[in-house]
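The values are calculated or read from the model by the stated rules, or taken from the named source; none is laboratory data. The model shown is predicted, which means the values in this text are computed figures rather than measured ones. Positions of Cβ are backbone-derived with ideal geometry, glycine not excepted, and every protein chain shown enters the neighbour counts. The area values use the complete protein model at the heavy-atom level, side chains included, leaving out ligands, DNA and RNA. Shrake-Rupley method; radii C 1.70, N 1.55, O 1.52, S 1.80 Å.
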Amino acid sequence: MKEILDAIQSQDSTAADFAALSLPESYRAITVHKDEAEMFAGLESRDKDPRKSIHLDDVPVPELGPGEALVAVMASSVNYNSVWTSIFEPVSTFNFLERYGKLSELTKRHDLPYHVIGSDLAGVVLRTGPGVNAWNPGDEVVAHCLSVELESSDGHNDTMLDPEQRIWGFETNFGGLAEIALVKSNQLMPKPQHLSWEEAAAPGLVNSTAYRQLVSRNGAGMKQGDNVLIWGASGGLGSYATQFALAGGANPICVVSSPEKAEICRSMGAEAVIDRNAEGYKFWKDERTQDPKEWKRFGKRIREFTGGEDIDIVFEHPGRETFGASVYVTRKGGTITTCASTSGYMHEYDNRYLWMSLKRIIGSHFANYREAWEANRLIAKGKIHPTLSKTYSLEDTGQAAYDVHRNLHQGKVGVLALAPREGLGVRDQEMREQHIDAINRFRNV
Ligand SMILES: C/C=C/C(=O)SCCNC(=O)CCNC(=O)[C@H](O)C(C)(C)COP(=O)(O)OP(=O)(O)OC[C@H]1O[C@@H](n2cnc3c(N)ncnc32)[C@H](O)[C@@H]1OP(=O)(O)O
Ligand SMILES: NC(=O)C1=CN([C@@H]2O[C@H](COP(=O)(O)OP(=O)(O)OC[C@H]3O[C@@H](n4cnc5c(N)ncnc54)[C@H](OP(=O)(O)O)[C@@H]3O)[C@@H](O)[C@H]2O)C=CC1
């Protein structure tokens, strides 16, 4: 591993040097264990502690198949899907690995008693499998997390619709929270040159998801002037949704839960910010009964910011707790676009406000190949910036996942894999200087 790191850190290494490096037999990886899938049985979700289920193990380097690449991971990031994996909710991800393992001889590799997790990476290509021509050893890359087989026509127009669509590092093994990762080569994209390894690794999953959900015609198709209600506007997804709204000439109405988070949204350029804690919204009277008066109070607050207008697009992900309010505050003909249900997936809303006002609910999930590429391009061009707040070592990934699970973090949380320290990997200092304030906006807040 030291030789690999030396080659990456030497500016003179050529593709041939990388190709000549011998691969280690094993590597350090963040895992969960199949025989621990029941360890939290009977506990409330919030009491399930990722620090107990997340392990740092030495695991064998997987065999490289056609169309695949092995990547030396310099940095990765914690996504909420790794939190779900680590608390074995809503289902154990070993179910996904078992199912994937049944698809072919090659996918059998994924069905193991341990799951190497993580759906983001920035690093350097070490080896490519047969049939890979676009990428070579030594290429500095990031990887998006869409794994598809593309053998069915269902996914040929929109790769997210492939029946064998999976999220790498969640529904497949050999993810990015590790020193080496296995990806399909079509997941690879050029690393933005003005960013360090950990900054480049941070946006991938959430930036692409927010792009499809909010901007793409497959999602809400946001346009200039739209009022966009963004839940968790300084969180993983929300910090990118807020940037897309601002960059696209829309009017974000940002919801957060503390004055510090409100301040981050303002520093991004948002003017309408609602602190849901300070204003004390209680959309549910008890576990089963919502309170439409609270929806209305929330809607009035939004109208104060918009000069009386209602919401064109709701960027939804909290789910059960907020969904009734989200449907209510949307304007006639408006759109609620949802990609998750952090607070519960059995949603309830008053359907009269949906059909009578011709509103639409759109389900959105990650991003297709092209959308992921376009989202990464916006990062590479300095139009959208990473929202990295803090970086952990691989050893401390459990704590990083705990922070995200308990909503103690801001923006994105990074993890250093092979990178010995933060700040390495920047190849375009001049461009970096132009954007340095935006790049550092979420740091240490
Ligand atoms: C990028 C980051 C993203 C995120 O962070 S997202 C948040 C994290 N992700 C999640 O929380 C999602 C986790 N996944 C799940 O909870 C489950 O994954 C799903 C609920 C999405 C799906 O459930 P399942 O049981 O895995 O699959 P089924 O599609 O329900 O198939 C089970 C069986 O049911 C049959 N079936 C499906 N639809 C129908 C139908 N319409 N009529 C009759 N049968 C149906 C299938 O064929 C299959 O059958 P057979 O077991 O025999 O293979
Ligand atoms: N389908 C897909 O492709 C994707 C789905 N996801 C899913 O989306 C969800 C959010 O992910 P991500 O943004 O990265 O997570 P984060 O935890 O980084 O951010 C979510 C934010 O939502 C807000 N929030 C959480 N719970 C509630 C609640 N009950 N009511 C109102 N606001 C709430 C919090 O902000 P605050 O406290 O400031 O209000 C929090 O910071 C997860 O469930 C994740 O699995 C994520 C990426 C892709």
Subset of segment 64-90 [within 13 Å of ligand 2 (Cβ to nearest atom), in a loop (DSSP other than H, G, I, E, B) and open to solvent by 10 Å² or more (accessible area, probe 1.4 Å)]: E89, P90
statement: Listed by range, strands (runs of 3 or more DSSP E) wholly within segment 212-326 having at least 2 residues that are open to solvent by 30 Å² or more (accessible area, probe 1.4 Å), out of contact with any strand residue (DSSP E or B) (no Cβ under 6 Å at 6 or more places or on another chain) and of a type outside the set (F, W, Y) are 284-286
- prompt: So which of P163, P130 ends up being open to solvent by 10 Å² or more (accessible area, probe 1.4 Å), more than 25 Å from G236 (Cβ to Cβ) and touching a residue at least 60 places away in the same chain (Cβ under 8 Å)?
  reply: P130
task: May I ask you to list the residues in segment 49-63 that are open to solvent by 40 Å² or more (accessible area, probe 1.4 Å), more than 28 Å from K390 (Cβ to Cβ) and either hydroxyl-bearing (S, T, Y) or in contact with an Asp or Glu (Cβ under 8 Å, 6 or more places away or on another chain) (or both)?
output: P60
task: Within segment 190-211, work out how many residues are touching a strand residue (DSSP E or B) at 6+ places or on another chain (Cβ under 6 Å) and more than 23 Å from I8 (Cβ to Cβ).
output: 0
query: Out of all the residues in segment 344-361, is one or more of a type outside the set (V, I, T) and open to solvent by less than 10 Å² (accessible area, probe 1.4 Å)?
result: no
- prompt: Given the conditions (1) surrounded by 20 or more Cβ atoms within 10 Å (Cβ to Cβ); (2) within 15 Å of ligand 1 (Cβ to nearest atom), which single one is not true for S341?
  reply: (1)
message: Here is a check on your reading of the model: is L188 within 16 Å of ligand 1 (Cβ to nearest atom), within 23 Å of S22 (Cα to Cα) and crowded, with 20+ Cβ neighbours inside 10 Å?
response: no
Hits in segment 91-116 (condition: open to solvent by 40 Å² or more (accessible area, probe 1.4 Å), touching a residue at least 12 places away in the same chain (Cβ under 8 Å) and within 12 Å of ligand 1 (Cβ to nearest atom)): F96, E98
- prompt: Out of I379, I336, which single residue is touching a Pro at 6+ places or on another chain (Cβ under 7 Å), more than 14 Å from ligand 2 (Cβ to nearest atom) and either modelled with pLDDT of 95 or more or open to solvent by less than 10 Å² (accessible area, probe 1.4 Å) (or both)?
  reply: I379
task: Note down all Cβ pairs under 7 Å where the first residue falls in segment 28-48 and is open to solvent by 80 Å² or more (accessible area, probe 1.4 Å), the second is hydrophobic (A, V, I, L, M, F, W, C) and not in a loop (DSSP other than H, G, I, E, B), and they're at least six residues apart or on different chains.
output: none
task: Sort through D35, D58 and tell me the only one that's away from ligand 2 (no atom under 16 Å from the Cβ), among the acidic types (D, E), over 30 Å from A380 (Cα atoms) and in a strand (DSSP E or B).
output: D58
